[in-house]
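Asks: Sharing a structure below in structure tokens format, with a few things to ask.
The values are calculated or read from the model by the stated rules, or taken from the named source; none is laboratory data. Keep in mind the model is a prediction, meaning the values are calculated, not measured. A quick note on method: Cβ atoms are made from the backbone with ideal geometry, for glycine too, and the neighbour counts reach across all protein chains shown.
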Amino acid sequence: MVSQKILIKAPIETVFNSIVDFANYPKFLPEIKSAKIDRRKDREIEVSFKINLIKEINYTLKVELDPPSGVYWKLKKGDLMKSNEGSWELKAKGDTVTEAVYSIDVTFGLWVPNAITEALVAKNLPQTLKRFKKRAEGLHRKS
């Protein structure tokens, strides 16, 4: 499991809403080619993603929402992944600052050594956090 923390200058609700706005992921996360909500029931969502990391990967996550403080997911199915679990845990640090902790644990099939998986995740994690920060702060400035 890899985790990283970041402070975002936006209210917790804005940060939460930017995280669960899956359809817009391809607009600010260049590795994501598509994100489609397959099913939504109360606080559970199934989302199918198509991403490009070395090669194209398709997978579906089962996402549980705990608004506005958490988003948790597990892999439902995937063509190359054995597992993909993670979370966003959010804490308000005043009215317009949110502390966000992003955690992820991914394992791929036999053809990808763990060292490569860990390097990919560790390399992408800081960039992903910066992109979500920029997205949430931009949405906050517009409101």
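Asks: Filtering the stretch 29-60 down to residues that are touching a residue at least 40 places away in the same chain (Cβ under 8 Å) and over 13 Å from the mean Cα position of the chain (by Cα), which residue is farthest from K130 (Cα to Cα)?
Replies: I54
Asks: Then there's this: Every residue in the stretch 94-125 that is closer than 14 Å to I8 by Cα and surrounded by 12 or more Cβ atoms within 10 Å (Cβ to Cβ), please.
Replies: Passing the criteria: T96, V97, T98, E99, A100, V101, Y102.
Asks: Pick from L110, L65: which is at pLDDT 95 or above and either over 17 Å from the mean Cα position of the chain (by Cα) or not in a helix (DSSP H, G or I) (or both)?
Replies: L65
Asks: Among the residues of the stretch 80-91, is there at least one that is surrounded by fewer than 15 Cβ atoms within 10 Å (Cβ to Cβ), part of a loop (DSSP other than H, G, I, E, B) and hydroxyl-bearing (S, T, Y)?
Replies: No - not one qualifying residue is present in the stretch 80-91.
Asks: Restrict the check to the stretch 21-28 and report whether at least one residue is part of a loop (DSSP other than H, G, I, E, B), hydrophobic (A, V, I, L, M, F, W, C) and either touching a residue at least 24 places away in the same chain (Cβ under 8 Å) or crowded, with 16+ Cβ neighbours inside 10 Å (or both).
Replies: For the stretch 21-28, residues part of a loop (DSSP other than H, G, I, E, B), hydrophobic (A, V, I, L, M, F, W, C) and either touching a residue at least 24 places away in the same chain (Cβ under 8 Å) or crowded, with 16+ Cβ neighbours inside 10 Å (or both): absent.
Asks: Determine, yes or no, whether T117 is among the β-branched types (V, I, T) and modelled with pLDDT of 95 or more.
Replies: no
Asks: Within the stretch 92-107, which residues are in contact (Cβ under 8 Å) with a residue 60 or more places away in the chain, part of a loop (DSSP other than H, G, I, E, B) and either out of contact with any His (no Cβ under 8 Å at 6 or more places or on another chain) or aliphatic (A, V, I, L, M) (or both)?
Replies: Listed by number, the residues that qualify are K93, D95, V97.
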